[in-house]
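Asker: To start, I am sharing the structure in question, which I have written as structure tokens.
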Amino acid sequence: MAIRLSQILRQSSLLFANKAASSSSVGVPKGYIVVYVGEFEKKRFVVPISFLNQPSFQELLRKAEEEFGYNYPMGGLTIPCREDIFIDLTSRLN
């Protein structure tokens with residue numbers, strides 16, 4: 001699991017480094033990461049990178065890996081779950 005998470009993080013950091021000047025990184029404070037969430041229509045969220053250590057968030061990352069591998073269709077980390085579920089989960093992590 002740690003290896004898979006580190007692969008996701010490495011791919012994400014490379015992706016974000018390559019897109020540093022793009023709109024996906026505009027307005028993202030240090031210590032945060034952009035994720036796109038939704039089953040069909042994707043919505044952009046900015047979440048603390050500390051979420052990446054949380055088991056419930058790691059489960060979402062595993063689902064993202066299963067669905068997308070390391071090829072993120074939105075140009076950033078994409079999580080295939082309903083928006084309301086994501087909001088509920090992140091509100092509990094805060």
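What follows draws every value from the coordinates through simple rules; no lab data is involved. The model shown is predicted, which means the values in this text are computed figures rather than measured ones. Because the Cβ atoms are built from the backbone with ideal geometry, glycine has one as well, and the counts that use them run over all protein chains shown.
Asker: Please sort by residue number the trypsin sites (Lys or Arg not before Pro) in region 29-94 whose DSSP state is loop and whose Cβ has at most 10 other Cβ atoms within 10 Å.
Answerer: Counting only loop positions with at most 10 other Cβ atoms within 10 Å, the trypsin sites (Lys or Arg not before Pro) in region 29-94 are Lys30.
Asker: Measuring from a point 7 Å past the Cα of Ile85 along Cα-to-C-beta, which residues in region 56-71 have an amide N at less than 15 Å?
Answerer: 56-68
Asker: Can you tell me the mean projection area, over all orientations, of the convex hull of region 43-94's alpha carbons? Units nm², please.
Answerer: Averaged projected hull area, Cα only: 3.5 nm².
Asker: Pull up all non-local amide H partners of Thr78: gap of 5 or more, or a different chain, and H-to-H distance under 5 Å with H placed in the peptide plane.
Answerer: Close amide H contacts, sequence-distant or interchain: Tyr36.
Asker: R0 = 22 Å: FRET efficiency of Lys63 with Asn94, Cβ-based, nearest 0.05?
Answerer: For R0 = 22 Å, the calculated efficiency reads 0.60.
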